[in-house]
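The values are calculated or read from the model by the stated rules, or taken from the named source; none is laboratory data. Keep in mind that this is a model prediction, so the values were computed, not measured. Every residue, glycine among them, receives a Cβ derived from its backbone with ideal geometry; neighbour counts consider all protein chains shown.
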Amino acid sequence: MTKNKYEAIFCDLGNVLINFDHRIAVKKILTNTKKNEHDIYQLFFDSGLTKDYEEGKVSSSDFFKKVRDSLNLDIGNEKLLPIWNDIFFETPLNKKIQAFLAEVKEKYKLVMISNINETHWEFLKNKIPVFSKFDKLILSYKVGFRKPAIEIYNAALESVKTSPSKAFYIDDRKDLIEAALQFGIKGMAFEGEEAFRKIRAELI
């Protein structure tokens, strides 16, 4: 590639730097509620409550109270929080992209953009060394917007003073790559080993 084609790499967190699966927590919650697996999954992953929590519109204490009330849970936060956080796991591919970003750190500004809530970030932030390599961390619950809102991408661009055409975006979701492209940010979906090789070839 042409030298300095990009100035910054924007990188997603979940299923890129570390994998996650809400079903791990869902299955553990099942023994503490009469709700079914589908209802629990929807609440955790695809509900207005989760969206508000990831946008910082609901405090952690209020969020977990509403979760306990919605699921009629008979456990307190001391048992619920470890279950809620037990959804993350590293794969060899996660470690490859982490190592790659550390490798190109001197060449690019690194910005992580994540739809994430306060509890999951507090749990994760000291567990993965590559986080320290990022110049900026754009977390949805802090900026008040989730991807694909233009505001979160603008926050990333502004954080390192670059333009859309100078940023390259890595995310596991094609729809978010396509959304960013509408704002002028090119990128590639992180979908496996072949995608990783293409990303590396584009940026090295």
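Taken across the range 144-165, residues that are more than 14 Å from E7 (Cα to Cα), within 14 Å of the chain's Cα centre (by Cα) and assigned to a helix (DSSP H, G or I) do occur, with at least one present. Checked against (1) more than 27 Å from S163 (Cβ to Cβ); (2) in contact with a helix residue (DSSP H, G or I) (Cβ under 6 Å, 6 or more places away or on another chain), D39 passes all but condition (2). Of everything in the range 94-110 that is surrounded by fewer than 17 Cβ atoms within 10 Å (Cβ to Cβ), out of contact with any strand residue (DSSP E or B) (no Cβ under 8 Å at 6 or more places or on another chain) and of a type in the set (A, V, I, L, M, F, W, C), the residue that is farthest from A167 (Cα to Cα) is A99.
Residue-level analysis places L13 among those that are crowded, with 16+ Cβ neighbours inside 10 Å, assigned by TED's automatic domain parsing to the domain that holds K127 and either under 23 Å from the mean Cα position of the chain (by Cα) or of a type outside the set (V, I, T) (or both).
Of all residue pairs spaced 6 or more apart or on separate chains, those with beta-carbon atoms under 6 Å, a first member in the range 152-170 that is farther than 14 Å from D135 by Cβ and a second member that is of a type in the set (A, V, I, L, M, F, W, C) and surrounded by fewer than 17 Cβ atoms within 10 Å (Cβ to Cβ) are Y153/F183; P164/F183.
Scanning the range 146-166 for residues that are farther than 20 Å from K107 by Cα and of a type in the set (K, R), we see that the one that is surrounded by the most Cβ atoms within 10 Å (Cβ to Cβ) is K147. Within the range 167-204, work out how many residues are part of a helix (DSSP H, G or I), more than 17 Å from the chain's Cα centre (by Cα) and surrounded by 19 or more Cβ atoms within 10 Å (Cβ to Cβ). The total comes to 2. No other residue among L137, L73 is modelled with pLDDT under 95, surrounded by 16 or more Cβ atoms within 10 Å (Cβ to Cβ) and not in a helix (DSSP H, G or I) apart from L73.
Taking (1) within 18 Å of the chain's Cα centre (by Cα); (2) not in a helix (DSSP H, G or I) in turn, E106 satisfies each apart from (1).
Scanning the range 87-106 for residues that are of a type outside the set (V, I, T) and either under 18 Å from I24 (Cβ atoms) or in contact (Cβ under 8 Å) with a residue 40 or more places away in the chain (or both) yields F88, F89, E90, L93, N94, K96, Q98, F100, L101.
From the list D69, D52, the one residue that fits, being at negative phi, without any contact (Cβ under 8 Å) to a residue 60 or more places away in the chain and out of contact with any helix residue (DSSP H, G or I) (no Cβ under 9 Å at 6 or more places or on another chain), is D69.
Taken over the range 7-53, the criterion of being in contact with an Asp or Glu (Cβ under 7 Å, 6 or more places away or on another chain), part of a loop (DSSP other than H, G, I, E, B) and either among the polar types (S, T, N, Q) or more than 30 Å from E106 (Cβ to Cβ) (or both) is satisfied by N15 alone.
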